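J.: To start, I am sharing the structure in question, which I have written as structure tokens.
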Amino acid sequence: MLDKIGIAKRIAQEVRNGMYINLGIGIPTLVANYIPTSMNVVLQSENGLLGIGPFPTEGKVDPDLINAGKQTITMMPGSALFSSADSFGMIRGGKVNLTILGAMEVSENGDIANWKVPGKMVKGMGGAMDLVASAQNIIVAMQHCSKDGASKLLKKCSLPITGLNCVKKIVSDLAVLDVLPTGGFKLVERAPGISVEQIKNATEGKLIIEGEILEMKLA
Amino acid sequence: MIDKQVANAQEATKDIPNGATLMIGGFGLCGIPENCIAAILQKGITGLTCISNNAGVDDFGIGLLLKTKQVKKMISSYVGENAEFERQLLSGELEVELIPQGTLAERVRAGGAGIPAFFTPAGVGTEVAEGKETRVFDGKTYLMERWLRADFSLVKAWKGDTSGNLIYKGTARNFNPMMATAGTITIAEVEELVEVGELDPNQIHTPGIFVHRIFQGVNYEKRIEQRTISNSVIR
């Protein structure tokens, strides 16, 4: 089973040289730590920056420089700053190659729910609906099941939807799965120590298993 | 050049009435018009509709105006980090309209640019689409969204000149440039106000035509929500 760091490390393996990437809050933010330094990628922050750098040292903290999680950050050499309208212009315009975000539920046709739990305080969707509606490629980082063991990979989402038919790949604590354009979760890899049987039991939506499913390799 | 300088936030905001619709720049607490918010708090006007990406925190930013119940309605994309906000929302004292962030940015941009409506893919198939017109373009479904305009837009820039030209710094730019264009009256507060001719025209982000009043703000706190530090120092 993968912990949060394990999920982040496995997602980092999906990153390719030359990508522009938007990382959501939580586990997706951790992915940045595991992208090989040999790769040239640019991280987009939807509040108006291309080229997110590491957190600043104490003396370099700048309140006018934050990421979408409102954390203080630095800029990489060659960064660019812009308005929120330009930022979502590049998102809707399909310029961002990879979007990585968290989810509460994903359905077998790629619908995602991650912004609202009815009856609980609603904090808002932020940029999630814009991102999922337009991204070229969406990878979701999530727990396979809720704390009480209920599957979060469903036939149909029970929570309010963030976007339709958009998730391409899921990296959960149990497995890597591709969401097929024709519907269904195609099992790609198992997490260390997890059996195909365990993944079957944890997946409510249509699970497609072809051939031998290998355990994932993490550096 | 037209001189738009006013003395301070009190003078700039003196004619904002009860019930006004305000756009307030900023993302989180980054790039918010601190002086104008303080002046509105002091004026005590009520029944305000605030269009702003976030709603501040309990004791700073728009959160200050929520505490005093001066805000009737918030139009935002994300409103976490604010316990008083949550209380007023759950008790029904406060009206809230949640909008996808890119749609909010574009609705404001459209308001300033004279475009009454546009189509976006964000929110199709979600609660956001309820009651809204959809259309299919080239095989994909889009949602019609209307422009947003405000009686007063309150923006914050790094530098400005007395004719209203503005330059922003870092990610404090965010919603400020679009909001500057969408106010019937746009009030800009800047950290440094200079004479006409001192700013390089090549570097202007908001041309002065959009700004009606400008002043140099005082005592910027620039509060940080998540102070994250690299461990490289500790190692």
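J.: Provide a whole-number value for the mean count of partner chain Cβ atoms within 10 Å of the Cβ atoms in peptide B:220-226. If you can, show how the numbers build up before the last one.
T.: Numbers: counts 1, 1, 3, 1, 7, 6, 8.
The mean count of partner-chain Cβ atoms within 10 Å per residue comes to 4.
J.: Taking GluC sites (Glu not before Pro) as exposed when DSSP calls them loop (any state but H, G, I, E, B) and at most 14 other Cβ atoms lie within 10 Å, what is the longest stretch of chain A free of them, the sites themselves excluded? Please report the intermediate quantities before stating the final value.
T.: Details: sites that count: A:210, A:212.
With GluC sites (Glu not before Pro) excluded where exposed in loops, chain A gives A:1-209 as its longest stretch.
J.: Excluding residue A:12 itself, calculate the net charge of residues whose Cβ lies under 15 Å from the Cβ of residue A:12, where each Lys or Arg counts +1 and each Asp or Glu counts -1. Present the calculation step by step, with values, prior to reporting the outcome.
T.: Details: positive: A:4, A:9, A:10, A:16, A:169, A:217; negative: A:3, A:14, A:189.
In short, +3.
J.: Taking chain B as a Gaussian network, Cα atoms linked when under 10 Å apart, which of B:58, B:151, B:138 shows the biggest mean-square fluctuation?
T.: With Cα springs under 10 Å in chain B, the top fluctuation among B:58, B:151, B:138 is at B:138.
J.: Over all residues in A:43-55, what is the mean tally of Cβ atoms on other chains that come within 10 Å of each residue's Cβ?
T.: Values: counts 0, 0, 2, 5, 13, 13, 4, 0, 0, 1, 1, 5, 7.
Partner-chain Cβ atoms within 10 Å, mean over residues of A:43-55: 4.
J.: Between the stretch B:170-199 and the stretch B:132-157, what is the C-alpha centre distance in whole Å?
T.: For the stretch B:170-199 versus the stretch B:132-157, the Cα centre distance is 22 Å.
J.: Then there's this: Give me the distance in nm between label points sitting 7 Å out from Cα along the Cα-to-Cβ direction at residue B:200 and residue B:130, one decimal.
T.: A separation of 5.1 nm, rounded to one decimal place.
J.: Further, regarding this structure: Divide by every residue of chain A the summed helix terms, -39500 (n - 2.57) for each DSSP H run of at least 4, and state the resulting mean residue ellipticity at 222 nm, rounded to the nearest 500 deg cm²/dmol.
T.: Working: 5 runs with 37 residues, N = 219.
So the helix-based figure for chain A works out to -4500 deg cm²/dmol.
J.: Continuing with the same structure: Tell me which GluC sites (Glu not before Pro) from the stretch B:130-235 have a DSSP coil assignment and no more than 14 other beta carbons within 10 Å of their own. Please report the intermediate quantities before stating the final value.
T.: Numbers: sites: B:130, B:133, B:145, B:189, B:191, B:192, B:195, B:198, B:221, B:225; in loops: B:130, B:133, B:195, B:198, B:221, B:225.
Sparse-neighbourhood loop GluC sites (Glu not before Pro): B:130, B:133, B:195, B:198, B:221.
J.: For chain B, modelled as a Gaussian network with Cα springs under 10 Å, which listed residue fluctuates most, B:18, B:219, B:202?
T.: B:202
J.: On alpha carbon coordinates alone, what is the Rg over Rh value for the stretch A:18-177, Rh being the Kirkwood radius?
T.: We get a ratio of 0.98 for the stretch A:18-177.
J.: What are the semi-axes of the equivalent ellipsoid for the stretch A:62-152, taken as the square roots of 5 times the Cα gyration tensor eigenvalues, largest first, in whole Å?
T.: Details: eigenvalues 156, 57, 34 Å².
For the stretch A:62-152, the semi-axes come out at 28, 17, 13 Å.
J.: I've got another one for you. By the scheme Lys and Arg +1, Asp and Glu -1, what is the net charge of all other residues having a beta-carbon under 12 Å from that of residue A:205? Each step should come with its number before you reach the end.
T.: Values: positive: A:152, A:155, A:156, A:186, A:200, A:206; negative: A:105, A:108, A:111, A:204.
The answer is +2.
J.: Report the residue, chosen from A:147, A:116, A:156, that carries the largest GNM mean-square fluctuation when chain A is represented by alpha-carbon nodes joined by springs under 10 Å.
T.: Ranking A:147, A:116, A:156 by mean-square fluctuation puts A:147 first.
J.: Cα-based Rg of the protein assembly as shown per 2.2 N^0.38 Å, rounded to two decimals?
T.: Numbers: Rg = 22.8 Å, N = 454, 2.2 N^0.38 = 22.5 Å.
In units of the 2.2 N^0.38 Å rule of thumb, it is 1.01.
J.: Something else: Label-point separation (nm) for residue A:1 and residue B:90, each offset 7 Å from Cα along Cα-to-Cβ?
T.: Simple spin-label model gives 3.1 nm for this pair.
J.: Additional query: Order the peptides A:84-92, A:2-10 from the highest to the lowest mean number of other Cβ atoms within 10 Å of their residues. Show your work: numbers first, answer last.
T.: Values: A:84-92: 22.6, A:2-10: 18.7.
Top of the packing list down: A:84-92, A:2-10.
J.: Quick one: work out Rg over Rh on the C-alpha atoms of the stretch A:104-219, Rh as Kirkwood radius. Intermediate values should be presented prior to the final figure.
T.: Numbers: Rg = 14.1 Å, Rh = 14.5 Å.
So for the stretch A:104-219, dividing Rg by the Kirkwood Rh gives 0.97.
J.: Of all beta bridges DSSP finds with both residues in the stretch A:4-169, what is the antiparallel percent, to the nearest 5? Intermediate results must be reported in sequence, preceding the final value.
T.: Details: 10 of 23 bridges.
If I count the DSSP bridges inside the stretch A:4-169, around 45 percent turn out antiparallel.
J.: Then there's this: Please report, for the Cα atoms of the stretch B:50-188, the Rg to one decimal and the Dmax as a whole number; what are they, in angstrom?
T.: Expressed in Å, the Cα Rg and Dmax of the stretch B:50-188 come to 16.4, 49.
J.: Let me ask another. For chain B, evaluate the Debye formula with one uniform point scatterer on each Cα (no solvent term) and list log10 I(q)/I(0) at q = 0.09, 0.13, 0.15 Å⁻¹, rounded to two decimals.
T.: -0.39, -0.78, -1.00
Only the coordinates and a few stated rules stand behind these numbers; no lab work does. Just so it is clear, the model here is predicted, and its values are computed rather than measured. Please note: Cβ atoms are built from the backbone with ideal geometry, for glycine as well, and neighbour counts cover all protein chains shown.
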